[in-house]
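The next block holds one structure in the form of structure tokens; read it before the comments.
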Amino acid sequence: MSKTLQAIRGMNDILPEQTPLWRYFEGTVAGLLDGYGYRQIRMPIVEFTDLFKRSIGEVTDIVEKEMYTFEDRNGDSLTLRPEGTAACVRAVLEHGLSGGGQVQKLWYMGPMFRHERPQKGRYRQFHQIGLEVFNLDGPDIDAELIVLTWRLWKLLGIRDAVTLELNSLGTSEARGRYREALVEFLTAHLDQIDEDSQRRLKTNPLRVLDTKHPETQAVLVNVPKLADYLDEESRVHFEGLKARLDAAGIPYVINPKLVRGLDYYSKTVFEWVTDKLGAQGTVCAGGRYDGLVEQMGGKPTPGVGFAMGIERLILLLETLEQVPESIARQVDVYLCAFGEQAELAGLTLAERLRDQVPGLRLMVNAGAGSFKSQFKKADKSGALYALILGDDELAQQVVGFKPLRGQGEQQNIAWSALADHLATCVVQG
Ligand code: HAM
């Protein structure tokens, strides 16, 4: 007996019952980004492994443990993208989009892959919508990214459930000075910190700051503060961002331990977190990466961006019962036809209605069937109305118009008047 085929652990099918909510979410974000002048870019899902090593950082969890890396038939090492920033920077450089100081405001959407331990809100294939902005170095654009997410939370009805955490990592020089002080402090407390933090102390000491280990957290109470090591430029930038958020009335919490899991950040970092989803509470995260383009072979080019996790935001919409009722219905009208002649007439009538009533969602019964079975299907489709076409209706050139959700009595409507009738009671109503 062959083994039943199954999807890979942590990689989910998104079933027809769920796709309306995904499309609502993606459509809402796309509409919002159009309104702010962002343009979509689509990058491949697979890139050379080196791209991620050079950008995300060799000693990050993602590159060390989580990438889906394989050799292709040419012997090249390829990786399924674990995030979108690296590929976006690569595409921008490859096509000269940031040359001559051109400002680019880009967004992308799609699956990302990380070999993490799957749990609620954490998957091995997950989906992000990401934004990246190039060639703007002021805090005004950092603020715009936050302002537009704030608007998105309102549109989605989840604003009360999310909190903004902010920090500044400073320039790489400032971070270098801080790293030295941090290593000195942690080395003096080596026997009090957990094993993983001891390892990180050697490879990526800043990551010790976001340890989940309680004993190490206790040691960190007295750790030197990154804020005390910030260079003047980063401090002014951070103050500029805070002033703008204050002016926009967006509440935030300064989290001095927010360091992020990718190496490319400088100055601003931020996360939108919720306490409604358990352990995987970060729904959107990002920051500034002013050194990344140069590090990847381009001219010095400031960059800033973020990505939101679609699965987590969808879970949040469901948890908070903020799923609009209207999105569940995918069919407005179901046409039932009884007999060969009626079926033929139904086909032409349906096509004419589709021409005449833009936006109409009309499902035509397929596979014939009795009165009872066609009505059952009409009801199951979720349609508001059934159109009934039998020999009698055909002879009179009318259809039976039957409300399926208790909005009035069945009536006959002439074919010639049907388009107008549907336009008023279905599309506008
Ligand atoms: P990130 O923090 O690694 O940043 O991921 C951004 C968001 O993707 C997270 O806040 C979370 O909502 C979602 N996410 C990450 N991993 C998973 C997972 N395994 N399962 C479900 N959701 C997940 C980045 O990826 C950066 N590229 C963001 C950025 C863009 N920074 C600047 N520009």
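The values are calculated or read from the model by the stated rules, or taken from the named source; none is laboratory data. Given the structure is predicted, the values throughout are model-derived calculations rather than measurements. We place every Cβ from the backbone using ideal geometry, glycine too, and count neighbours over all the protein chains shown. For the accessible areas, the whole protein counts, side chains as well, though only heavy atoms, and no ligand, DNA or RNA atoms are used. Shrake-Rupley method; radii C 1.70, N 1.55, O 1.52, S 1.80 Å.
Here is a list: Arg312, Arg329. Which entry is modelled with pLDDT of 95 or more, within 28 Å of Tyr24 (Cβ to Cβ), charged (D, E, K, R) and in contact with a Leu (Cβ under 9 Å, 6 or more places away or on another chain)?
Sole residue among the options that is modelled with pLDDT of 95 or more, within 28 Å of Tyr24 (Cβ to Cβ), charged (D, E, K, R) and in contact with a Leu (Cβ under 9 Å, 6 or more places away or on another chain): Arg312.
Residue by residue, here is whether (1) over 27 Å from Thr28 (Cα atoms); (2) more than 14 Å from the ligand (Cβ to nearest atom) holds:
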site	(1), (2)
Arg244	no, yes
Tyr252	no, yes
Gly261	yes, no
Tyr265	yes, no
Trp272	no, no
Leu292	yes, no
Thr319	no, yes
Gln322	no, yes
Glu325	no, yes
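Residue-by-condition table, conditions (1) of a type in the set (A, V, I, L, M, F, W, C); (2) open to solvent by 60 Å² or more (accessible area, probe 1.4 Å); (3) part of a strand (DSSP E or B); (4) at pLDDT 95 or above:
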position	(1), (2), (3), (4)
Ala368	yes, no, no, no
Ser373	no, no, no, yes
Lys376	no, yes, no, yes
Ile388	yes, no, yes, yes
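Do we have Gly298 as at pLDDT 95 or above and open to solvent by less than 10 Å² (accessible area, probe 1.4 Å) here? Before you say what the answer is, go through the steps one by one.
Numbers: at pLDDT 95 or above: yes; open to solvent by less than 10 Å² (accessible area, probe 1.4 Å): no.
For Gly298, the condition - at pLDDT 95 or above and open to solvent by less than 10 Å² (accessible area, probe 1.4 Å) - is not met.
Determine if region 275-284 includes at least one residue that is within 11 Å of the ligand (Cβ to nearest atom) and within 30 Å of Gly99 (Cβ to Cβ). Explain how you work it out, then say what you get.
To start, the set of residues in region 275-284 that are within 11 Å of the ligand (Cβ to nearest atom) comprises 277, 280-284.
Imposing the further condition that a residue be within 30 Å of Gly99 (Cβ to Cβ) reduces the set to 284.
Yes.
Tally time: how many residues in region 205-224 are within 16 Å of Gly176 (Cβ to Cβ) and open to solvent by 20 Å² or more (accessible area, probe 1.4 Å)?
Selection size over region 205-224: 2.
So which of Ile14, Ile8 ends up being loosely packed, with under 14 Cβ neighbours inside 10 Å, within 16 Å of the ligand (Cβ to nearest atom), in contact (Cβ under 8 Å) with a residue 40 or more places away in the chain and assigned to a loop (DSSP other than H, G, I, E, B)?
Within the list Ile14, Ile8, the selection yields Ile8.
Could you give me the residue pairs with C-beta distances under 7 Å whose first residue belongs to region 29-45 and is on the phi < 0 side of the Ramachandran plot, whose second residue is of a type in the set (Val, Ile, Thr) and surrounded by 12 or more Cβ atoms within 10 Å (Cβ to Cβ) wherever it lies, and which are 6+ apart or on separate chains?
Cβ pairs passing all conditions: Val29/Ile129.
If Ala378 meets every condition in (1) in contact with a Cys (Cβ under 7 Å, 6 or more places away or on another chain); (2) farther than 15 Å from Gln330 by Cβ; (3) of a type outside the set (D, E, K, R) apart from one, which number is that one?
Ala378 satisfies all of (1) in contact with a Cys (Cβ under 7 Å, 6 or more places away or on another chain); (2) farther than 15 Å from Gln330 by Cβ; (3) of a type outside the set (D, E, K, R) except (2).
Restricting attention to region 167-184, does a residue exist that is within 13 Å of the ligand (Cβ to nearest atom), under 24 Å from Val273 (Cβ atoms) and not aromatic (Phe, Trp, Tyr)? Please lay out each step first, then the result.
Of the residues in region 167-184, the ones within 13 Å of the ligand (Cβ to nearest atom) are 169.
Filter again for under 24 Å from Val273 (Cβ atoms), leaving 169.
Subsequent filtering for residues that are not aromatic (Phe, Trp, Tyr) retains 169.
Within region 167-184, one or more residues are within 13 Å of the ligand (Cβ to nearest atom), under 24 Å from Val273 (Cβ atoms) and not aromatic (Phe, Trp, Tyr).
Tell me the residue from Leu152, Leu148, Leu182, Leu136 that is in contact (Cβ under 8 Å) with a residue 40 or more places away in the chain, in contact with a Phe, Trp or Tyr (Cβ under 6 Å, 6 or more places away or on another chain), under 26 Å from Val253 (Cα atoms) and of a type outside the set (Asp, Glu), please.
Going through Leu152, Leu148, Leu182, Leu136 in turn, the sole match is Leu148.
Could you tell me whether Leu209 is closer than 24 Å to Gly281 by Cα, under 32 Å from the mean Cα position of the chain (by Cα) and hydrophobic (A, V, I, L, M, F, W, C)?
Working: closer than 24 Å to Gly281 by Cα: yes; under 32 Å from the mean Cα position of the chain (by Cα): yes; hydrophobic (A, V, I, L, M, F, W, C): yes.
When the stated conditions are applied, Leu209 passes them.
Output the residues belonging to region 202-221 that are of a type in the set (A, V, I, L, M, F, W, C) and closer than 16 Å to Leu262 by Cα. Lay out the reasoning, then the answer.
Step one: list which residues in region 202-221 are of a type in the set (A, V, I, L, M, F, W, C), which gives 206, 208-209, 218-221.
Within region 202-221, Leu206, Val208, Leu209 meet the criteria.
So that you can scan it fast, the table gives a plain yes or no per residue for (1) over 23 Å from Phe238 (Cα atoms); (2) within 15 Å of the ligand (Cβ to nearest atom); (3) within 20 Å of the chain's Cα centre (by Cα):
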residue: Glu58; (1), (2), (3): yes, no, no
residue: Glu71; (1), (2), (3): yes, no, no
residue: Lys105; (1), (2), (3): no, yes, yes
residue: Ile129; (1), (2), (3): yes, yes, yes
residue: Glu144; (1), (2), (3): no, yes, yes
residue: Val147; (1), (2), (3): no, no, yes
residue: Lys154; (1), (2), (3): yes, no, yes
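For region 244-273, which positions are part of a helix (DSSP H, G or I), surrounded by fewer than 16 Cβ atoms within 10 Å (Cβ to Cβ) and in contact (Cβ under 8 Å) with a residue 24 or more places away in the chain? Working first, answer last.
Keep residues of region 244-273 that are part of a helix (DSSP H, G or I), which gives 244-248.
Imposing the further condition that a residue be surrounded by fewer than 16 Cβ atoms within 10 Å (Cβ to Cβ) reduces the set to 246-248.
Residue satisfying the conditions is Ala248 alone.
Note down all Cβ pairs under 6 Å where the first residue falls in region 213-234 and is in a helix (DSSP H, G or I), the second is among the small types (Gly, Ala, Ser), and they're at least six residues apart or on different chains.
Thr216/Ser197; Tyr229/Ala174; Ser234/Ser168; Ser234/Gly170
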